[in-house]
Amino acid sequence: VATQVSSLKLHKEHKHEGVRYSCDQCEFTGSQSGLRYHKQSIHEGIRYPCDQCGYIATQVSSLKLHKESKHEGVRYPCDQCEHVATLKSYLKRHIESKHEGVRYPCDQCEYAATTKTNLKLHKESKHEGVRYSCDQCEYVATSVLSLKRHKESKHEGVRYTCDLCEYVATRVSLLKLHKKHKHEGVRYPCDQCEYTATSVSNLKKHTKRKHGID
């Protein structure tokens, strides 16, 4: 009972009262559990290695999700389209964004994000000028993810090889696009003319340039 009461208290503090706990070693602020994970992973260097591959997690929960997704093949199919997610949280985001039209508008410009995380990243990058410097060169990223990709590609030589041809990508997302385009024949038709794009980004560029649609 005591554990349940404590969990409920933390939930209400974090979700409804906006209570934040500050790290005594850096500028991080978050929920009590978030602060605990932050200090363990960032300042104490605690890691949880996967016993089946080279993946190393900073949280036990992250390791569990990794093993379910990568080694056990756990998937979460959408009941409204053909999308299949590797995590429950990804499926929830997909449904909210694609089928329910949920958006999170920025209070400083016209931007509207499909997730709270994307809105936070947008505001940090566009309105607060938050930047992340590489400790090995002069590169400066606008997000932690961009910095991670940069370091993997430029300094660690991480590559993702296509299992159907000799193509080698610097990012998983690029490899997925390559396989869709080259090996699966996925195309994105314009609903204004006969143009067919090989990627969503190219379709958006086409509709903006040719039809004036953002």
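Mind listing just one residue for me: the one in region 41-59 that is open to solvent by less than 90 Å² (accessible area, probe 1.4 Å) and assigned to a helix (DSSP H, G or I) and, of those, nearest to ASP24 (Cα to Cα)? So the residue we want is HIS43.
To keep it simple, each residue is scored yes or no on (1) more than 23 Å from LEU203 (Cβ to Cβ); (2) out of contact with any strand residue (DSSP E or B) (no Cβ under 7 Å at 6 or more places or on another chain).
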position: ARG149; (1), (2): yes, yes
position: TYR167; (1), (2): no, yes
position: LEU177; (1), (2): no, yes
position: LYS180; (1), (2): no, yes
position: ARG187; (1), (2): no, no
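Please find, within region 190-205, the residue that is least open to solvent (accessible area, probe 1.4 Å) out of those that are more than 19 Å from LYS176 (Cα to Cα) and over 24 Å from the mean Cα position of the chain (by Cα). Write out each step before concluding.
Of the residues in region 190-205, the ones more than 19 Å from LYS176 (Cα to Cα) are 190-195, 205.
Those left that are additionally over 24 Å from the mean Cα position of the chain (by Cα): 190-195.
Numbers: CYS190: 12, ASP191: 133, GLN192: 104, CYS193: 56, GLU194: 176, TYR195: 82 Å².
For region 190-205, the residue satisfying everything is CYS190.
Residues in region 24-40 that are in a loop (DSSP other than H, G, I, E, B) and loosely packed, with under 14 Cβ neighbours inside 10 Å: ASP24, GLN25, CYS26, GLU27. Quick check on my filter: what residues within region 170-194 are of a type in the set (D, E, K, R) and assigned to a helix (DSSP H, G or I)? LYS176, LYS179, LYS180, LYS182, listed by residue number.
Search region 159-173 for residues being touching a Lys or Arg at 6+ places or on another chain (Cβ under 9 Å) and of a type in the set (Val, Ile, Thr), and hand back the single one that is modelled with the highest pLDDT. Filtering region 159-173 for residues that are touching a Lys or Arg at 6+ places or on another chain (Cβ under 9 Å) and of a type in the set (Val, Ile, Thr), the one modelled with the highest pLDDT comes out as VAL168. Residues that are closer than 24 Å to SER146 by Cα, in contact with a His (Cβ under 7 Å, 6 or more places away or on another chain) and hydrophobic (A, V, I, L, M, F, W, C) within region 159-214 comprise CYS162, ALA169, listed in sequence order. In this structure, does LYS64 turn out to be within 19 Å of SER89 (Cα to Cα) and either open to solvent by less than 50 Å² (accessible area, probe 1.4 Å) or at pLDDT 85 or above (or both)? Answer is yes for this residue. Listed by first and then second residue, the pairs linking a residue in region 136-162 that is closer than 27 Å to HIS122 by Cβ to a residue that is open to solvent by less than 50 Å² (accessible area, probe 1.4 Å) and β-branched (Val, Ile, Thr), with Cβ atoms under 6 Å apart and 6 or more places separating them unless they lie on different chains, are GLU152/VAL158; SER153/THR170.
The values are calculated or read from the model by the stated rules, or taken from the named source; none is laboratory data. Predicted model, so just to flag it, every value in this text is computed and none were measured. Every residue, glycine among them, receives a Cβ derived from its backbone with ideal geometry; neighbour counts consider all protein chains shown. Note: accessible area is taken over every heavy atom of the protein model, side chains too, but ligands, DNA and RNA are not part of it. Shrake-Rupley method; radii C 1.70, N 1.55, O 1.52, S 1.80 Å.
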